[in-house]
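Okay, structure first, notes after.
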Number of protein chains: 2
Amino acid sequence: MKPKIKLDKIDRRILEILQANAKITNAQLANEIGLSPAPTLERVKKLEVSGIIKSYHATLNNEKVGLGVSTFVMVSLKGHNKTNIEAFTQAINEIDEVIECHHITGSGDFILKIIAQDIAAYQKLMLEKVTNIEVVDNMQSLVILSTFKDSKVMPIP
Amino acid sequence: MKPKIKLDKIDRRILEILQANAKITNAQLANEIGLSPAPTLERVKKLEVSGIIKSYHATLNNEKVGLGVSTFVMVSLKGHNKTNIEAFTQAINEIDEVIECHHITGSGDFILKIIAQDIAAYQKLMLEKVTNIEVVDNMQSLVILSTFKDSKVMPIP
DNA sequence: TCTTCGCACCAAATAATATTTTGTGGTTCA
DNA sequence: TGAACCACAAAATATTATTTGGTGCGAAGA
């Protein structure tokens, strides 16, 4: 039996705050939501245990670590059958530079997000690892020129 | 003068660990990288101050908070001039459901990532907020059917 | 080569923070 | 009405972060 969780206004506020800043102390968080530390912590733990909060991550400045190029890649497979899809996703999973892989509607089948040092490294990566995945029919790269928004805060309904 | 930062193997390991799990304690982190807590903390602080670590975020389970639909949207503007681009990015910035906005090469001009409760909410959002941005010429929605990879860990070169 | 400086580190003390415990009031349901 | 259950607050305790002082090593200059 899955425990049905309903979020009240305070829970939603907690989620909003922790998405924006996971490093806030429990005391500060308590203060912001207008409760004392004990029940605040209880709520956070409950959100974690229930799986509503999945994980916590540090976000890096990609340029500063030497990752200057990000792209989206639209991929079509040779066939849409389960075997090919599994072969593809498995191959993708082994490539660290592919940080996202989504199955989508529309003309293509998949959209990937890929990170690389520069265009040269990107080209090398594509040629050596991505292009020669057997089941891939066709690919189109969209290079990100600049990013205007990259929010880590989902709008909780 | 920007302080040129060079990362050694230990720094890269720290970044890798904190990207995967920002909630690790300093003592645990120290243990994993084979240093004592003091210099470990020093390194982390240095990475934060230098801006290599940008921020820390909680990641949610979108389905569990009632956000069942994610899409990519390819957008073409009526003209590629600076004025139109600024008008567009500003309009986009006010829509919480648009969590990413990138300027890209290729036939379209922008790619957006949008989150909504369900298809009905998505349609409403598009009709009421996105479609009628004045400078938008053409849009194509790609609905995410499933996500096979969504890594928060960048491969540091 | 010798000396000195500065850096990265460790161990241990201290400060801050998380977490647990205990008790209270309000709400629901039999 | 009253029993059981929550959600909460205050305060005690445990855990963790942070600071301090001291050591050794490597690089730069005499």
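The values are calculated or read from the model by the stated rules, or taken from the named source; none is laboratory data. Keep in mind that this is a model prediction, so the values were computed, not measured. Note that each Cβ is placed from the backbone with ideal geometry, even for glycine, and that neighbours are counted across all protein chains shown.
Applying the condition of being within 11 Å of another protein chain (Cβ to nearest Cβ) and of a type in the set (Gly, Ala, Ser) to the stretch B:67-80 and asking which residue is farthest from DNA strand D (Cβ to nearest atom) yields B:Ser70.
Checking B:Asn26, B:Asn93 one by one, the residue that is facing chain A (nearest Cβ under 9 Å), at pLDDT 95 or above and closer than 27 Å to B:Asp150 by Cα is B:Asn93 and no other. Of all residues in the stretch A:13-27, those that are exposed (fewer than 14 other Cβ atoms within 10 Å of the Cβ) and either in a helix (DSSP H, G or I) or more than 16 Å from DNA strand C (Cβ to nearest atom) (or both) total 2. Counting the residues of the stretch A:133-156 that are part of a loop (DSSP other than H, G, I, E, B) and surrounded by 15 or more Cβ atoms within 10 Å (Cβ to Cβ) gives 8. Of everything listed in (1) within 10 Å of DNA strand D (Cβ to nearest atom); (2) under 21 Å from A:Ser55 (Cβ atoms), the single unmet condition for B:Ser55 is (1). All of (1) exposed (fewer than 14 other Cβ atoms within 10 Å of the Cβ); (2) facing chain A (nearest Cβ under 9 Å) hold for B:Lys64 with one exception: (1). Does A:Glu16 qualify as being touching a residue at least 12 places away in the same chain (Cβ under 8 Å) and under 20 Å from B:His57 (Cβ atoms)? Spelling it out, A:Glu16 is indeed touching a residue at least 12 places away in the same chain (Cβ under 8 Å) and under 20 Å from B:His57 (Cβ atoms).
Residue count for the stretch B:104-127, restricted to those that are surrounded by fewer than 16 Cβ atoms within 10 Å (Cβ to Cβ), under 26 Å from B:Leu60 (Cα atoms) and either within 15 Å of the chain's Cα centre (by Cα) or not hydrophobic (A, V, I, L, M, F, W, C) (or both): 3. Within the set A:Thr71, A:Thr25, A:Thr83, A:Thr40, the sole residue that is assigned by TED's automatic domain parsing to the domain that holds A:Thr105 and without any contact (Cβ under 8 Å) to a residue 40 or more places away in the chain turns out to be A:Thr83. Looking only at residues in the stretch B:43-52 that are surrounded by 14 or more Cβ atoms within 10 Å (Cβ to Cβ) and among the charged types (D, E, K, R), the one that is nearest to DNA strand D (Cβ to nearest atom) is B:Glu48. Can you tell me which residue is farthest from DNA strand D (Cβ to nearest atom) among those in the stretch B:14-42 that are of a type in the set (D, E, K, R) and more than 24 Å from A:Asn26 (Cα to Cα)? Out of the qualifying residues, it is B:Glu16.
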